[in-house]
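Since every read-out is calculated from the coordinates, none of them should be taken as a lab result. Remember, predicted model here, so these are calculated numbers, not experimental data. Cβ sites come from the backbone with ideal geometry, for glycine too, and all protein chains shown count toward neighbours.
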Amino acid sequence: MLTLDTLVIVLLALALVVFLGEPFLHPTVSALSSGEEDARTALTLQKATLYTAIHDLDFDFRTGKVDQQDYEELRSQLEKEAATVLRQLDQETLHSSSMPASQGQCPHCSIPLQGGENYCPSCGSLLLSSKEA
Amino acid sequence: MTKHHLKLAIGICVILSALGYLMFSGATGSTVYFLTVPEVHERAATLQGAAIRVAGKVTEEPIEWDVRNLALAFVMGDGAARIPVHYKGVKPDMFRPGADVIVEGHVNPQGVFVASNLMTSCPSKYEEDKGPTL
Amino acid sequence: MIDIGAIALRFAFVAALYGVFAGVLGGCYGRPALVRSAERAAHAVFGLVSIAMIVLLYALLTHDFRLQYIASVSNRSMPLFYLIASLWGGQEGSMMLWLWILVGYSSLVTLQNQQRNRELMPYVVATLMATSLLFLTMLIFAEDPFQQLARVPRDGQGLNPLLQHPLMVIHPPNLYLGFVGFAVPFAFGLGALASGRLDNQWLYSVRRWTLVAWLFLTVGILLGGQWAYVELGWGGYWAWDPVENASLLPWLTGTAFLHSVMIQEKKGMLKVWNMALVIATYGLSIFGTFLTRSGVISSVHAFAQSSLGNYFLLYLGIALAISVALLLKRLPQLRSDHRLESALSRESSFLFNNLFLVGMTFAVLWGTLFPIISEAIRGVKISVAAPFFNQVNVPLGLALLFLAGVCPLIAWRKASAKNLQRNFLYPFTWSLLSTALLYAFGIRHVVALIALTVCAFTFGTVVLEFYRGMRVRRGNKGWGYALFALIGRNRRRYGGYIVHCGVILIFLGITGSSAYQIEENLVLQRGEQQRVGHFTLQYDDLRHSIQATHEAFIATIRVRNAEKELTTLYPEKRLYFAQNQPTTEVALRTSLLEDLYIILAGFESSGTITLKVFINPLVAWIWLGGVVIVLGTLIAIWPERRWPLQQRRYDLAAPAAAQQEA
């Protein structure tokens, strides 16, 4: 018997299946980030934190909360840490721009790859470079 | 363990012991046995006027309410066990025969519960009979 | 029509279950399509639960008494405002609200992170869907809001008149927005643990969520206290009742978490501690919900006794087991970047702050659960009363307030004598001066004096911070500009200081109303007057009035101070017909200095009445403090003009460049 309720159940079920299944139909390119992007975001985050810390420290010095000696000591320490992070960031950028990230074949769908991609253009899964694999 | 680890550990221990002391001294002042009416009768000998908390229902027996002196006298029960209660204070809104009550106080030598505190529980919206369901 | 609601809930259950598995599997095996599908499931669950909510609301508004829930919680004579509010007036409906807020948050979080946190999101979604499953399970199998009655009544029972009060209407939603909000930081924490992305990314992502959740929980707790004060009529606002404690517990650990994340962000310390705190806050939220609804501890707030307890406990056990297992697995990667160098430093004051808060949590939890523990161990229930909680929490609370004054000024790593003197001389002097002044004015109550001293000290440090900052920011412009510029540039810090000011106000309010409360019983004949404190109360008349929903006995009390007529108050006793329930309507005169609080305790046919009168000093400051806390939190949450972590141009070799920064 096709009551209103049965119709609603069927429609809802269909809608749900379509809605949840749709991502499987297109390979997405904006997939999970690669290992290198991780490192870069983490370092960028660290850099921003250190910059904020330096900014706050400068302000604290100007307001008189921190005296000259402590200020110079703390600032040089922060500067050193920031310099390290910047250096690491430079290395990362250098590293990723010259390296082909992938092997000859996609491990999931086995299509041949040109190299230099982070994601398979066919199935969209992430590709780890031979170094990180 | 390095020196400053030791200092930190000592500091934390001090704080924890202070907390423990506070809790212990606070507890000894204000812990009370939580009993039912039958249990009060059972333990009457051992309790000897100690501070207790009792849960039960207000029975159908006559309730005396002296408005001027804010003195309430009623009988509290649980099944067959009964105990008379005297309470000085405002009569709670939900107080009526059949209501669940919790009293704090002690049993005096005459066997009457002298309550320093009287609480009726907020009636659940579902205590009434829900009726037969599909 | 009703069945659509029930169907929607069951589909939501299926979708949530799918979401859990899709999220976990998609995250573990790196399948982006599966992850996207899981995120869609989060949206689908929100849509489906919304459908169920709409159906329930519609049934409520059309007085559809086929539904057992609607019949028990509403009736035809309720005004629209309370009719809508009765949606969460009972067990099933309030759980629906909890669930709806949870899945609403889940959907929002998923939307916000479509392009971000891709490594964490599979597990974030899975965790949030798992939490939804708990409530969906209970709503489908235990407390079904769509349960129908065999015999449809003509009219419903209606909402308990005690709950028909504006404060009581917004108190539960606020609490839920708070409790549920803490699920999001927890989900991100688990996501970080599960995915191995253990840097501070997850902390930054949840910073605003945590603040928002904390804000709602704070407001919810204060509203509950205010409702108890004006409605329940026992003269106070907090009774250390188990259900009250249940809401306080996650607030305490949530506050600790809010503070300790700053240490992890700045110094990379306390990583394990922060994980533990966020897990504890989530666990305590669920546990608090369990305490309130299962009836396992007797309380004046009791909902129906039910078997819900088992669902909660089972879920809690599983959730804690998984969380701890993940935490232990990642323990080696959660090492601190820096060490604690001195007991007298900003790091250590944050650590002490956390210790005190967690200590309070433990004490309150212990006191609340003691009846169950003692019954399990000794076979007899021993309960713990208010004095225990006050004895433990007052010293700890004051110590915390003191820390709030110390922490912003004390140096990082190790405070030198010079640093201490430079920053604390003024506040200390000011606080000692104010103590002497207060003593001279007649304040002799020891605890009150200590509390007031600490309040003065912490307030002094906040003033000092603002003054110093404004002096720098002023340049050539005015102080008003300086204030705006100061707060605008560093909203988190100065918003936080404002929140601390709100806390100081609350402490002052609690101190005044606890230490200097006056309580008296008056018996008055018609026309008689008596003095209470510095007020003269004259009893004019007792009226009997019959309204649509209730009948009332209303006393007319004229209030005078010396010879000046202040106001007229009308304490009442009401009887609501539908529920056959008497209530007491408190008559309240509020001023900044004190509250005059009058209860009509009883009356005789001769017209003689008995009044219970309280004079509660400084209570209004508690609510005022709440407003200030809201203001401060909003400032801290408000996004800065520039994304705060955006790159700023810095010449690292030239500190003097800072001087040019206007």
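In order along the stretch C:608-623, the Karplus-derived 3J(HN,Hα) couplings, from 6.51 cos²θ - 1.76 cosθ + 1.60 at θ = phi - 60°, round to 6, 10, 10, 10, 10, 10, 10, 10, 10, x, 6, 5, 4, 5, 5, 5 Hz, and Gly and Pro are given as x. Taking every C-alpha pair closer than 8 Å and separated by at least 6 residues, the mean separation divided by the residue count of chain C gives a relative contact order of 10 percent. Relative to the longest principal axis of the C-alpha atoms of chain B, give the angle of the C-alpha long axis of helix B:3-30, reported between 0 and 90° and rounded to the nearest 10°. Here the helix axis deviates by roughly 20 degrees. Partners of C:Lys414 within straight-line reach, counting aspartates and glutamates whose Cα lies under 17 Å from its Cα and excluding those fewer than 8 residues away in the same chain: A:Asp60, A:Asp67, A:Asp70, A:Glu72, A:Glu73, C:Asp337, C:Glu341, C:Glu347. Taking each of A:Lys80/C:Lys329; B:Lys88/C:Lys573; C:Lys381/C:Lys612; B:Lys7/C:Lys381 in turn, the alpha-carbon distance tops 30 angstrom for A:Lys80/C:Lys329; C:Lys381/C:Lys612; B:Lys7/C:Lys381. The Cα center of the stretch B:1-56 and the Cα center of the stretch C:527-559 differ in position by 44 Å. The order of B:Cys13, C:Cys407, A:Cys123, going from fewest to most other C-beta atoms within 10 Å of their C-beta, is B:Cys13, A:Cys123, C:Cys407.
Once the chymotrypsin sites (Phe, Trp or Tyr not before Pro) in DSSP loops with at most 12 neighbouring Cβ atoms within 10 Å are cut out of chain C, the longest remaining piece is C:30-440.
The smallest convex shape that holds all Cα atoms of chain C, its convex hull, gives 197 Å³ per residue.
Along chain B, the longest continuous region that contains none of the trypsin sites (Lys or Arg not before Pro) in a DSSP loop with at most 16 other C-beta atoms within 10 Å is B:69-129.
For GluC sites (Glu not before Pro), the sites in the stretch B:1-82 that DSSP calls loop and that have at most 15 other Cβ atoms within 10 Å are B:Glu60.
Between the C-alpha center of the stretch C:1-61 and that of the stretch C:444-502 there is a gap of 47 Å. The magnitude of the dipole of chain B, with charges of +1 and -1 set on the Cβ of Lys/Arg and Asp/Glu and taken from the Cα centre, is near 760 debye. Across the stretch C:9-14, coupling constants 3J(HN,Hα) worked out from phi with the 6.51/-1.76/1.60 Karplus curve, θ = phi - 60°, read 4, 5, 5, 4, 4, 4 Hz, and Gly and Pro carry x.
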